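Report on the structure given below.
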Amino acid sequence: MANPELKSTINLNQYGDEALPWDGVLDVLNAAFPDPPVPGNDTFTVLGTVTPDGRPHAAGVGSMWIDGSWWIVSGPRTKKSRNLEANPACTMTARLPGIDVVFAGEARRVTDAPTLKRIAAHYNANGWPAEVEGEGFTAPYTAPSGGPPPWNLYRLDLREAVGVGTSREKDGATRWTFA
C-alpha cells in the first residue's frame, strides 16, 4: 500500500515559520518503522476512539507504520475495539523524533489472510511473536490491556494529520489533508 495522497497543506504556525513538509513526516515515520523492522524499535502511540454515547476514549497501543498506513492490534472485547466496531472514526497520536503528530481517519478491521501474514511478519521481526489464526492474531503474550487472544488487526485510513514541531529543525505547526 502506498503512502496517503496529499491533498492540501495548511500552515497553522502563528510565528511566521514555514509549513512543515509532509515528506519530512514520512521520512521520520519510515526511519522510526524501517522495513525490515528493527527489534526493540518502539514509538509511543495513543489510539483515540469514540464511545457509543459520544465520549472520547484514549489508550496506548502497540502500533506500526507499514507501507503508508498505521496498523493497530487490539482484543475484540477491549473498549477500543468495541468503539471501532461501532464507529471507525479515530485518531492515532505519535511522538516522533522532532515532531508530535495526530493522525485522524477511520480504522477498519482487516481479516484477509495475506495481509494478516504480512503484518504478522513485521510484528515478529520487531519482537512480538504474532501468528495468524483465523481472522486475527495469537501469540504467547500481548500488552496487559490487550485482552485474551485472538486479537483483531485494524488499518487506519488517513483523512488528515496535524503536526507540531518539537525541535529547532522542525519548528512549526501544520495540518495536512489526504485524498
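Table for the structure above
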item: Fewest-first ranking of PHE33, PHE103, using other Cβ atoms within 10 Å as the exposure measure; result: PHE33, PHE103
item: Taking ARG77, ARG82 and counting other C-beta atoms within 10 Å, the order from fewest to most; result: ARG77, ARG82
item: Least to most buried among TYR123, TYR154, TYR141 (fewest other Cβ within 10 Å first); result: TYR141, TYR123, TYR154
item: Net charge contributed by nearby residues that have their C-beta within less than 11 Å of THR91 (K/R +1, D/E -1); result: -1
item: Cβ-based net charge around ALA58, under 15 Å, with every Lys or Arg adding one and every Asp or Glu removing one; result: +4
item: Neighbour-limited loop hits for trypsin sites (Lys or Arg not before Pro), region 89-179 (at most 12 other Cβ within 10 Å; DSSP other than H, G, I, E, B); result: ARG168
item: Kirkwood-type radius of the chain, with distances r between different C-alpha atoms, in Å; result: 16.8
item: ASP157 paired with ALA143, simple spin-label distance in nm, labels 7 Å along Cα-to-beta-carbon; result: 2.4
item: Sequence-distant lysines (8 or more away, or on other chains) whose Cα lies within less than 26 Å of LYS7; result: LYS170
item: Cα centre as origin, Lys/Arg/Asp/Glu Cβ charges: region 6-178 dipole, Debye; result: 520
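Values in this text are rule-based calculations from the coordinates and carry no lab data. Remember, it's a predicted structure, so these values are computed and weren't measured experimentally. Don't worry about glycine lacking a Cβ; one is built from the backbone with ideal geometry, like all the others, and counts go over all protein chains shown.
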